[in-house]
1. Which whole-number percentage describes the relative contact order of segment 389-480, with Cα contacts under 8 Å and a sequence gap of 6 or more?
2. By counting other Cβ atoms within 10 Å of each Cβ, how are TYR81, TYR466 ranked from fewest to most?
3. Evaluate the relative contact order of the chain (contact order divided by residue number), counting alpha-carbon pairs under 8 angstrom at least 6 apart; express in whole percent.
4. Residue by residue, what Karplus-based ³J(HN,Hα) values in Hz, rounded to whole numbers, does segment 355-362 have, using 6.51, -1.76 and 1.60 with θ = phi - 60° and x for Gly and Pro?
5. How do the peptides 48-54, 409-415 rank, highest first, by the average count of neighbouring beta carbon atoms within 10 Å per residue?
6. Please list the non-local residues whose amide H lies under 5 Å from the amide H of SER171, H modeled 1.01 Å from N, same-chain partners needing a gap of 5 or more.
7. Taking neighbour Cβ counts within 10 Å as the exposure measure, how do SER74, SER440, SER94, SER370 sort from fewest upward?
8. Between LYS52 and THR501, how high is the FRET efficiency from 1/(1 + (r/R0)^6) when r is the Cβ-Cβ distance and R₀ = 22 Å? Nearest 0.05.
Amino acid sequence: MARSPDILEDPTPLDGAHVDVRVRIAWLLRSWRTLGMDGKAVSVTEMAGLLKEHGTPASPPSVSGWETGRVAPSPAVVEAYEAVLELEPGSLRSVVDLVRRRFGDDGPRSPAPPVDLADLDDAVDRVVATPAPPGLAWLHFSEAVLEVRPGLPRAFLRPLVARLLSEMSRSAATAYTTRYEALALLRCSAYADLVADAIGDFFDEPGNLLLGDAARLLSERPDGRAVLILAPQLTSAEFLRLRAGVVGLEHVATTGEESVSVWGPVVGPFVRAWERDGNDPERRQQLVELWRALPEGARDPIAERLSSPVPDVPEPAASEPGGLEDQLAFCGHTAGRAAEALGLPDQPLLARLLFEALFEERDARRVTSSLLLMASPFRGHLAVELAAAARDHDDARVRRATATLILLIGREETHETVRGLLDSEDVVVVTGALFVLMHSGGQLGSDRLESLIRLPEPLDRRALFYAGMTAHPMLDRIAADHGQPLRQLARWWQRHGSAVTT
């Protein structure tokens with residue numbers, strides 16, 4: 001039986017090279033419009049009227065075009081949706097921009113109107129003359145900067161990029177996606193080296209282990225400079241530096257960069273890390289993950305120098321327990337419960353996005369699908385379902401995957417469940433629980449936090465992240481204790497400040 005035309009689906013195959021970007025964006029806009037305001041759905045005709053009242057040219061056919069994927073909405077239209085549906089500024093816009101850019105579909109961003117001096121002054125003032133500028137102001141600032149010819153002086157821009165990088169690393173949700181996209185625009189522009197310099201300095205800061213997002217940002221331009229900064233992290237004694245190196249290098253690899261010369265700097269660090277840490281389960285897993293992502297031409301010179309080969313870890317067959325069929329069934333069931341909780345019809349695209357966010361190995365698919373879920377009205381209900389799965393599911397891979405996703409989409413509704421996850425013996429599950437609490441105002445008493453800080457690496461570091469993000473009183477005590485191994489990390493948080501929330 002054919003589905004209702006009101007049900008959006010991505011017709012591309014799960015294992016295909018491309019996704020339907022426009023349908024995914026249409027689904028996000030339609031989901032919010034269908035949910036409406038104050039529990040009342042907004043019709044297409046009503047939405048067109050609201051947009052016109054906001055000053056955005058719109059008609060029922062244009063709204064229908066944006067919400068079916070026939071027409072790509074401009075950034076101004078997406079921001080207008082946020083405004084008339086009373087959503088957080090930038091919550092949809094930043095994710096839409098990121099999805100388009102990741103899949104090479106950023107046409108609606110350009111051509112941008114020429115920026116005049118008054119516009120530039122306004123964009124600069126909103127970040128320079130404001131103590132705590134919101135993320136959307138930073139995104140507008142980066143867009144204005146890119147329209148200035150021949151460009152702004154490095155001496156002016158560099159400290160602003162460093163400030164933005166620090167804020168991005170200490171933020172979550174919309175505060176994060178708007179800042180990340182603002183920096184990604186600059187990294188993918190004539191200012192690429194300036195941003196790389198700032199990231200290199202950020203990596204070198206004493207006590208800084210908040211590096212995963214900076215590594216991913218660096219790899220937005222997958223060039224030799226990114227590899228040169230990331231490759232040495234593979235041999236770091238700090239697990240979280242190793243993890244950052246793997247995250248960034250994986251993204252470089254998934255862009256299709258196969259030049260042997262670009263990958264040359266990875267050979268020595270990978271070999272040294274494997275020979276030293278190949279018997280450490282957590283570190284070994286990170287190196288195997290990177291190995292699987294590397295192009296064949298990059299693997300060959302590494303393999304020649306290894307005393308033992310990197311093992312091939314086969315995926316379970318589709319019909320085996322934990323295989324593709326089980327994964328799709330889990331995602332369909334979970335998506336169905338989330339849609340039902342909101343009183344919305346069947347959402348096959350929600351199930352598709354959930355599958356990619358949980359089980360997809362390709363970085364661009366996993367990240368963009370996770371962010372679309374975070375920006376969707378299903379976020380809260382999904383978080384509750386996934387937190388329960390992280391606690392109760394009998395498949396360890398599902399428990400780890402759901403814990404990783406709630407790290408991004410978890411909310412207050414999950415606090416009771418995730419507090420129980422702190423007792424898990426799985427590092428990934430405990431990490432997810434900590435991040436949910438630090439990103440959504442979950443309180444931990446000093447005794448509980450102190451017990452977490454006594455855990456082995458990397459959980460002690462991640463517990464300190466919680467203290468830093470929440471400005472927990474324990475942070476000052478750790479920073480003042482000369483015998484505390486985490487003292488330098490605590491002092492980094494004192495210098496940079498706690499969570500950025502807008």
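Read-outs: derived from the displayed coordinates by stated rules, not from any lab. Bear in mind that the values here come from a model prediction, so they are computed numbers and not experimental data. Backbone-built Cβ (ideal geometry, glycine too); neighbour counts: all protein chains shown.
1. Once normalised by length, the contact order is 22 percent.
2. On the way: TYR81 26, TYR466 22.
Going from least to most buried by this count: TYR466, TYR81.
3. Relative contact order for the chain comes out at 11 percent.
4. The phi angles translate into 4, 5, 5, 8, 10, 6, 8, 6 Hz.
5. The peptides rank, most packed first, as 409-415, 48-54.
6. Under 5 Å from the amide H of SER171 lie the amide H atoms of VAL500, each far enough along the sequence or on another chain.
7. Final ranking by Cβ density, sparse to dense: SER74, SER440, SER370, SER94.
8. Values: r = 33 Å, r/R0 = 1.48.
The formula returns an efficiency of 0.10 here.
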